[in-house]
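See below for the structure under consideration.
The values are calculated or read from the model by the stated rules, or taken from the named source; none is laboratory data. A quick note: this is a predicted structure, and the numbers were derived from the prediction, not measured. Cβ sites come from the backbone with ideal geometry, for glycine too, and all protein chains shown count toward neighbours.
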Amino acid sequence: MPIYDNLKKTDPDVYAAVAGELQRQTDEMELIASENYVSPSVLEALGSVLTNKYAEGFPGKRYYGGQQFTDAAETLAIERAKALYHCDHANVQALSGAPANIAVYFALLEPGDAVLGMDLSHGGHLTHGSPVTYMSKLFRFFRYKMKNVETGELDYDQMREIARKEKPKIVLAGFSAYPRELDYAKIKAIADEVGAVAMMDMAHIAGLIAAGLLKNPFDYGFHVVTTTTHKTLRGPRGGMILSRGTVSNPLKAVEKTIENIPTLIDRSVFPGFQGGPHMNNIAALAVALGEVMKPDYKPYAAQILVNAKRMAQRLMDKGCKLVTNGTDNHMMVVDCIKSFGIDGKEVQHILDDVGISTSKSTIPDDPLPPFKPSGLRLGTPAVTTRGMKEGDIDMTVDFMLKAIEKRADASALKKLQTEVREFCRRFPLPGMKI
């Protein structure tokens, strides 16, 4: 159990928030596809004295002195990332996934250049071209969709047609709410045809790729891969930018060519976009990547997939409509309008009331707005970390469906909340004893 004695004495208000969140995580179920629980070792690195150290620059090329241990920690993270993803270069300083994507845009594009990415309602991410982002004011984003929403097949003909017409500098794969595998060979061929950089945002599936359970974009010739470091990777909240090639000198300007991508990325992150890196986060990332390299990680990642497929099938067996009718990864999207006659926001609130955290989500070409969308996204990384298996997933689905069915019955929901809490306490958080 974490010790917060100093915090409790010096700032009881913040302590109350931290202790309350620990209790919530213990008593409730996490089905948000982008969340997970880190190990005690990752937490220790996050709370270490490395938070005190400014380390502008890169290992061996810092602006401040006293860097022998920051260099050691960052080099460990870099080398472990390169080994796991079979790439030549890793920048581990990005503060999260969105800054990582933005740093790549600034590294490779000029204002007005085009990017071709997945449509938000079909599973793409805000940073892949949503008009509400600042990036959409600087660059021209074009979007491709699924060809068949029943199977999840992307419209690669549409992707090629747009690419030929708009000549994007980046063809971007990756997603935030898409439950199927991508055809990286087809995407790379389209990028090659128009002379674009092939980029993948693997934020959601980074851990599954590292475990060798899903395809690695680098095996298909992709130039750049970005990711968050939490989610299936089970690390601290941060970002990485991976690429082919080597850095000539991260502090020296170079031409914007494919050969110079690693140098362009490093310079884009620092000094172009960020100042000093968060060294406690980078050390925690090194710990998490080391955990991925251990023998027990691949079985864990495999169980994520087993649990996701079991959850999807259980939902469909109970009459629910899922986008693409299943999943190939850790997540699924339920069409709540077709399944329950209510929108995803309402379903999210109902499940919150009984202690099950989920996230509302758009469905393809959603007629409802993003803040009140038709869908609900579910994921299995966090519950798998707690040790849940197939039978537990069945019970979880039954909890959810009962809550939705009894949503107008306050006493039934209260009773169900107690059942969920008792169920969750059978599965302690990593390193925590109840």
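Side notes on the structure shown:
- Top-ranked residue of segment 103-157 - restricted to ones that are in contact with a helix residue (DSSP H, G or I) (Cβ under 6 Å, 6 or more places away or on another chain), assigned to a strand (DSSP E or B) and free of Cβ contacts under 8 Å to residues at least 60 places away in the same chain, ranked as farthest from Ile363 (Cα to Cα): Ala114
- Qualifying residue in segment 78-85 (condition: among the β-branched types (Val, Ile, Thr) and farther than 30 Å from Lys145 by Cβ): yes
- Any hit, segment 240-262, residues being more than 13 Å from the chain's Cα centre (by Cα), at pLDDT 95 or above and part of a loop (DSSP other than H, G, I, E, B): no
- Any hit, segment 407-422, residues being over 21 Å from Gly174 (Cα atoms), at pLDDT 95 or above, of a type in the set (S, T, N, Q) and within 26 Å of the chain's Cα centre (by Cα): no
- Failed item in (1) in a loop (DSSP other than H, G, I, E, B); (2) touching a strand residue (DSSP E or B) at 6+ places or on another chain (Cβ under 9 Å), with Leu285 passing the rest: (1)
- Check on Thr232, crowded, with 23+ Cβ neighbours inside 10 Å and assigned to a helix (DSSP H, G or I): yes
- Flag for Pro111 being closer than 30 Å to Pro271 by Cβ, surrounded by 22 or more Cβ atoms within 10 Å (Cβ to Cβ) and more than 23 Å from the chain's Cα centre (by Cα): no
- Yes/no for Val225 being more than 18 Å from the chain's Cα centre (by Cα) and either under 19 Å from Ala94 (Cα atoms) or surrounded by fewer than 18 Cβ atoms within 10 Å (Cβ to Cβ) (or both): no
- Residues of segment 6-21 that turn out to be basic (Lys, Arg) and surrounded by 13 or more Cβ atoms within 10 Å (Cβ to Cβ), as a count: 1
- Residue in segment 292-312 that is at pLDDT 95 or above, within 20 Å of the chain's Cα centre (by Cα) and closer than 30 Å to Ala55 by Cα present: yes
- Residue within segment 101-111 that is under 27 Å from Gly375 (Cβ atoms), touching a Ser or Thr at 6+ places or on another chain (Cβ under 7 Å), modelled with pLDDT under 95 and polar (S, T, N, Q) present: no
- Enumeration of residues in segment 185-210 that are crowded, with 21+ Cβ neighbours inside 10 Å and assigned to a loop (DSSP other than H, G, I, E, B): Ala196, Met202, Ala203, His204, Ile205
- The set of residues in segment 351-390 that are hydrophobic (A, V, I, L, M, F, W, C) and crowded, with 20+ Cβ neighbours inside 10 Å comprises Leu351, Val354, Ile356, Ile363, Leu376, Leu378, Ala382, Val383, Met388.
- A single member of Ala163, Ala196, Ala189, Ala185 is over 26 Å from Ser34 (Cβ atoms) and without any contact (Cβ under 8 Å) to a residue 12 or more places away in the chain, and it is Ala189.
Residue-by-condition table, conditions (1) crowded, with 18+ Cβ neighbours inside 10 Å; (2) in contact (Cβ under 8 Å) with a residue 12 or more places away in the chain; (3) within 30 Å of Glu255 (Cβ to Cβ):
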position: Tyr4; (1), (2), (3): no, yes, no
position: Gln23; (1), (2), (3): no, no, no
position: Glu30; (1), (2), (3): yes, yes, no
position: Pro40; (1), (2), (3): no, yes, no
position: Ala55; (1), (2), (3): yes, yes, yes
position: Asp71; (1), (2), (3): no, yes, yes
position: Ala90; (1), (2), (3): yes, yes, yes
position: Asn101; (1), (2), (3): yes, yes, yes
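- Inclusion of Val269 among residues that are part of a helix (DSSP H, G or I), out of contact with any Asp or Glu (no Cβ under 6 Å at 6 or more places or on another chain) and among the β-branched types (Val, Ile, Thr) is warranted.
- In segment 147-169, the residues that are loosely packed, with under 13 Cβ neighbours inside 10 Å and in contact with a Lys or Arg (Cβ under 9 Å, 6 or more places away or on another chain): Thr151, Asp157
- Which listed residue is small (Gly, Ala, Ser), over 24 Å from Tyr178 (Cα atoms), surrounded by 15 or more Cβ atoms within 10 Å (Cβ to Cβ) and assigned by TED's automatic domain parsing to the domain that holds Ser339, from Ala403, Ala410: Ala403
- In segment 9-21, the residues that are free of Cβ contacts under 8 Å to residues at least 12 places away in the same chain and closer than 24 Å to Leu429 by Cα reach residues that are of a type outside the set (Phe, Trp, Tyr) and part of a helix (DSSP H, G or I) with C-beta atoms within less than 6 angstrom, at least six apart or across chains, in these pairs: Tyr15/Leu7; Tyr15/Lys8.
- For segment 136-166, taking the residues that are hydroxyl-bearing (Ser, Thr, Tyr) and at pLDDT 95 or above, the one that is farthest from Ile102 (Cα to Cα) is identified as Thr151.
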